[in-house]
Amino acid sequence: MTTHDPSAGRDRPDHEPVADPHSATPAQLDTGTHDTARAELSAQQAAHRAGLLRTGERAHPATGGAPRNALDRFFGISSSGSTVPVEVRAGLTTFLTMSYIIFVNPQVLGAAIDVGPTTFVQLLSVTCIAAMVGTLFMGLIARYPFAQAPGMGLNAFFAYTVVLGMGVAWQTALGAVFVSGILFVVLSVIGARRAIVQAIPMGLKLAITAGIGSFLALLGLRSAGIVVANEATLVGLGDLGAPTAWLAIIGLIVTAVLLQLKVKGAILWGILAVSLLAIVARVEVYAGGADGALQAFPGFTDGIVGAPVWPSDLVGQMDIMGALGLGLLSVVFTFFFVDFFDATGTLTGLSQRAGYLDEKGDMPRAKTVFSMDGLAAMFGAFMGTSTTTAYVESASGIEEGGRTGLTATVTGLLFGLALFIWPLAGAIPGAATAPALILIGALMMDGIRHIEWDEVAEGVPAFLTIIVMPLTFSIANGVSMGIISYCAIKVFTGRGKDVHWALYIVAALLLARYIWLDAG
């Protein structure tokens, strides 16, 4: 049951959610084996009711009073215990953390899409537009601090597997993305995605959050060159003497110190400090060197303003009828499956971290949130890019204190601005954002202390969820393994009634999907 709060301009649950990953009641998180953790959680909730709202590691006063202005009223900033400066800073942090997609997505899709000499610039424009509109959908309509952009992994599947590997025309592949977006919206509107989130037990929700954290940390370690591929051991330790690695290590220490000292904007300042150090010290950590090598910051040779190019050769080129052909239904299904569980897991984990989930593990305005994810995928396909989806890097803004749609709105507007000043975004190297991803990953592991590890039926699925995400480089695989193992262990130990019926349907579909892939 929800009540409408006119002062916040949005529906809220009858009780205020705690802005912390520990939003469930102690009884839900623990059955008596972790008394200390349960007492700490109760104290946090009591502090919240007394007027304090935790934001990451910092506490902000929850005013609960009348909104200060129309902006406050629209986003519910005061009622969320936040302020406009905090939301703006959080939006900037999210943008800087995920701005790499502006350059990476055109490189990936450019391998499969060729519309002439302006291909890269058109794809860059499409990437910015898709990210801007998708993020504004989430900020202005759903009013959550979650950013969206063309998804990494999904763009590689689009380019290398579907177009180059299967020989499918890129227009037809865009049609498959558009159809999958329609399915997202339909399932969101009828409440299917919300029902799945509600059916997932609290232990798995906490594990999803932690798994996303481990995935983020791996992304950061890989970006820094600290963790590298190794044929003998799969992964190994990189060259710590390389510029990217030692610069990231410095950034990691600096940002961690700032976080410990409760410096406002610690993550943002860490990113900017490392970027400045890289520029001043002429460290070779920027892409674009000869033969693919890294180079020192090349400077703004053509200024910081770059005129955008309208993607006239990409807009509206999707071939929907071709995508609906019988031979491509598997492609549509793959796009749908991967993004469905990737985005659902991402949004659930981010909501858990931001403290949006209520005592029942439900997300307020869930239908709207999930629908915006589907609309973003449809819009991105129409513009000419692979699936646009929620980004785990949104966690950086949440850790900076972002709690409302204003955070996402700022991020979206910055992507729009990047259409004109995209050379400026190139001044942020991967070595500068890597420390942020690693530290955010560490902070997102916090909730696992409330998982009932002494219960095998709870602990093993949680562990698989956490470990499979980084090892398979897929949030969807981690969520899948957690759900399947949870249902199986419960059934074979005679506790099948503990599982929501909807979760059995999801587990069966996931099994069918893996069997289908194996058979193919």
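The values are calculated or read from the model by the stated rules, or taken from the named source; none is laboratory data. This structure is a prediction, so every number in the text was calculated from the model and none was measured. Positions of Cβ are backbone-derived with ideal geometry, glycine not excepted, and every protein chain shown enters the neighbour counts. Surface areas here come from the heavy atoms of the whole protein model, side chains and all, with no ligands, DNA or RNA. Shrake-Rupley method; radii C 1.70, N 1.55, O 1.52, S 1.80 Å.
Worth pointing out:
- Enumeration of residues in segment 344-362 that are crowded, with 23+ Cβ neighbours inside 10 Å and not β-branched (Val, Ile, Thr): Gly345, Leu347, Gly349, Leu350, Ser351, Gln352, Arg353, Ala354, Gly355, Tyr356, Leu357
- Candidates Gly299, Gly316, filtered to the one that is open to solvent by less than 60 Å² (accessible area, probe 1.4 Å), touching a residue at least 40 places away in the same chain (Cβ under 8 Å) and not β-branched (Val, Ile, Thr): Gly316
- For segment 500-509, the candidate set comprises residues that are among the aliphatic types (A, V, I, L, M) and free of Cβ contacts under 8 Å to residues at least 24 places away in the same chain; within that set, the residue that is farthest from Ala457 (Cα to Cα) is Leu509.
- Filter result for Arg403 (of a type in the set (Lys, Arg), assigned to a helix (DSSP H, G or I) and within 22 Å of Thr93 (Cβ to Cβ)): no
- Among the numbered conditions (1) open to solvent by 40 Å² or more (accessible area, probe 1.4 Å); (2) in contact with a Pro (Cβ under 8 Å, 6 or more places away or on another chain); (3) not acidic (Asp, Glu), the only one that Leu204 does not meet is (1).
- Matching residues in segment 279-296 - criterion: being crowded, with 20+ Cβ neighbours inside 10 Å and under 27 Å from the mean Cα position of the chain (by Cα): Val285, Tyr286
- Close pairs (9 angstrom Cβ cut-off, 6 or more residues apart or separate chains): buried (at least 20 other Cβ atoms within 10 Å of the Cβ) in segment 473-494, of a type in the set (Gly, Ala, Ser) and part of a loop (DSSP other than H, G, I, E, B) anywhere: Ser480/Ser474
- Residue in segment 391-402 that is surrounded by fewer than 20 Cβ atoms within 10 Å (Cβ to Cβ), closer than 30 Å to Ser275 by Cβ and in contact (Cβ under 8 Å) with a residue 24 or more places away in the chain present: no
Yes/no matrix, rows are residues, columns are (1) within 30 Å of Ile253 (Cα to Cα); (2) under 26 Å from the mean Cα position of the chain (by Cα); (3) of a type in the set (Phe, Trp, Tyr); (4) in a helix (DSSP H, G or I):
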position	(1), (2), (3), (4)
Ile448	yes, yes, no, yes
Ala457	no, no, no, yes
Tyr486	no, yes, yes, yes
Val491	no, no, no, yes
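- Tally of residues being closer than 17 Å to Val108 by Cβ, open to solvent by 30 Å² or more (accessible area, probe 1.4 Å) and outside any helix (DSSP H, G or I) across segment 142-201: 3
- Only one of Phe95, Phe75 that is crowded, with 24+ Cβ neighbours inside 10 Å, modelled with pLDDT of 90 or more and more than 27 Å from Ile438 (Cα to Cα): Phe75
- Assessment of segment 429-450 against the conditions (acidic (Asp, Glu) and open to solvent by 70 Å² or more (accessible area, probe 1.4 Å)) yields no matching residue.
- Of all residues making up segment 505-520, the number that are among the charged types (D, E, K, R) and modelled with pLDDT of 75 or more: 1
- Condition met for Ala245 (surrounded by 12 or more Cβ atoms within 10 Å (Cβ to Cβ) and of a type in the set (A, V, I, L, M, F, W, C)): yes
- Condition met for Arg222 (closer than 10 Å to Ala434 by Cβ and either hydrophobic (A, V, I, L, M, F, W, C) or open to solvent by 50 Å² or more (accessible area, probe 1.4 Å) (or both)): yes
- Options Ala418, Ala431, Ala381: the member that is touching a Phe, Trp or Tyr at 6+ places or on another chain (Cβ under 6 Å), part of a helix (DSSP H, G or I) and among the small types (Gly, Ala, Ser): Ala381
- Scanning segment 98-115 for residues that are open to solvent by less than 30 Å² (accessible area, probe 1.4 Å) and touching a residue at least 24 places away in the same chain (Cβ under 8 Å) yields Met98, Ser99, Ile101, Ile102, Asn105, Val108, Leu109, Ala112, Ile113.
- Qualifying residue in segment 338-358 (condition: part of a loop (DSSP other than H, G, I, E, B), small (Gly, Ala, Ser) and in contact (Cβ under 8 Å) with a residue 24 or more places away in the chain): yes
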